[in-house]
Amino acid sequence: EWNAQGVFKGGTKEPERREDQYSRKILSDCLENWSVAEQKDLRGYLQNLQTSILWVAGNKDQKYVSIAEEMAALNPNIKAVIIPGSSHRVLFDQPQHLAALIK
């Protein structure tokens with residue numbers, strides 16, 4: 001069900017992990033506490049931030065492409081880079097492209 005969400009559509013499936021490689025409790029806590037629904041809207045803060053930000057989104061993830069482009073238009077210190085051939089999980093879809101950006 002998690003992987004069926006629109007932001008993951010057309011991307012590489014997250015690598016399978018055996019259950020002994022993680023804690024179900026910690027995973028549950030992370031998904032609940034770090035979900036977008038639990039996060040404050042920091043657009044006002046980011047709009048005025050003077051620090052350089054590299055904002056990366058996969059081109060198949062229209063929700064986050066839209067947010068990246070919106071923020072880059074509001075603050076010249078934010079550079080939005082849209083990675084072709086990638087959905088929400090840029091790290092799994094285009095690892096070399098992402099690594100080159102970070103370097």
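The values are calculated or read from the model by the stated rules, or taken from the named source; none is laboratory data. For clarity, every value in this text was computed on a predicted model and none was experimentally measured. Positions of Cβ are generated from backbone atoms using ideal geometry, with glycine treated the same way; all protein chains shown enter the neighbour counts. SASA here: full protein model, heavy atoms, side chains in, ligands and nucleic acids out. Shrake-Rupley method; radii C 1.70, N 1.55, O 1.52, S 1.80 Å.
Residues that are under 12 Å from the mean Cα position of the chain (by Cα) and part of a helix (DSSP H, G or I) were ranked within segment 67-83; the one that is surrounded by the fewest Cβ atoms within 10 Å (Cβ to Cβ) is I67. The condition of being at pLDDT 90 or above and either exposed (fewer than 12 other Cβ atoms within 10 Å of the Cβ) or hydroxyl-bearing (S, T, Y) (or both) holds for only one of S35, S86, that being S86. Applying the condition of being among the β-branched types (V, I, T) and outside any helix (DSSP H, G or I) to segment 1-57 and asking which residue is farthest from A99 (Cα to Cα) yields T51.
Taken over segment 43-63, the residue count meeting the criterion of being closer than 26 Å to N3 by Cα and either of a type in the set (V, I, T) or open to solvent by 50 Å² or more (accessible area, probe 1.4 Å) (or both) is 7.
Inclusion of W2 among residues that are without any contact (Cβ under 8 Å) to a residue 40 or more places away in the chain, of a type in the set (A, V, I, L, M, F, W, C), out of contact with any His (no Cβ under 7 Å at 6 or more places or on another chain) and surrounded by fewer than 14 Cβ atoms within 10 Å (Cβ to Cβ) is warranted.
Against the conditions (1) in contact (Cβ under 8 Å) with a residue 60 or more places away in the chain; (2) open to solvent by less than 100 Å² (accessible area, probe 1.4 Å), where does K9 fall short? Just the number, please. Every condition holds for K9 apart from (2).
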